[in-house]
1. Pick from region 59-69 the residues that are in contact with a Lys or Arg (Cβ under 9 Å, 6 or more places away or on another chain) and among the aliphatic types (A, V, I, L, M): which of them is least open to solvent (accessible area, probe 1.4 Å)?
2. Looking at region 10-31, can you tell me whether even one residue there is of a type in the set (S, T, N, Q), free of Cβ contacts under 8 Å to residues at least 12 places away in the same chain and either part of a loop (DSSP other than H, G, I, E, B) or at negative phi (or both)?
3. Identify the single condition in (1) part of a helix (DSSP H, G or I); (2) over 23 Å from Ile2 (Cβ atoms) that Gly81 does not satisfy, given that it satisfies every other one.
4. Here is a list: Leu44, Leu91. Which entry is surrounded by 15 or more Cβ atoms within 10 Å (Cβ to Cβ) and part of a strand (DSSP E or B)?
Amino acid sequence: MIDYSKKTYQQLVKILDREVSIYVRKTHQFGDGYCTCYTCGKVLPIGEIDAGHYISRRFYATRYELDNIRPQCPGCNKYRGGEPVKFRMRLVEELGEERVKQLEDMAVMNGDRHLPREVLIEKIEEFKAKNLTL
């Protein structure tokens, strides 16, 4: 087991980001390890696709909410700013307007307030365990 007490806050965030990204991409993969971009439909190998966020990762309240994260190609995620309009439309189709509004409210109410270290560590362990079962 990793001694998280020696990790900086940003190192913990980076570890958790990686674990969540692996989980999102693996749970949306099909065939022999491919994912479809949520916003443009492009199919890429799992290692070439990003875990894109509808609501920016700077909002920690929704940064690790799985309903806020879907596979996205680098073109949509990085070069086209995440395609938030298309992303939201797809989320509304998939989850409903009420759930999307809940995510938006969570981000607004909590701002970019950071999560406590203990929460990051709990989430790291949670997603590591989930990833082992995939």
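1. Going through the qualifying residues, I end up with Ile69.
2. Yes, the conditions are met somewhere in region 10-31.
3. Among (1) part of a helix (DSSP H, G or I); (2) over 23 Å from Ile2 (Cβ atoms), Gly81 violates only (1).
4. One residue alone meets the criteria, Leu44.
Quick grid of which residues meet (1) open to solvent by 40 Å² or more (accessible area, probe 1.4 Å); (2) part of a helix (DSSP H, G or I); (3) in contact with a Pro (Cβ under 6 Å, 6 or more places away or on another chain):
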site: Cys40; (1), (2), (3): yes, no, no
site: Arg57; (1), (2), (3): yes, no, no
site: Pro71; (1), (2), (3): no, no, no
site: Val85; (1), (2), (3): yes, yes, no
site: Val108; (1), (2), (3): yes, yes, no
site: Glu122; (1), (2), (3): yes, yes, no
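The values are calculated or read from the model by the stated rules, or taken from the named source; none is laboratory data. Predicted, not measured: the structure shown is a model, and the values here were computed from it. Virtual Cβ from ideal backbone geometry, glycine too; neighbours counted across all protein chains shown. In case anyone asks, the SASA skips ligands and DNA or RNA and just uses the protein heavy atoms, side chains included. Shrake-Rupley method; radii C 1.70, N 1.55, O 1.52, S 1.80 Å.
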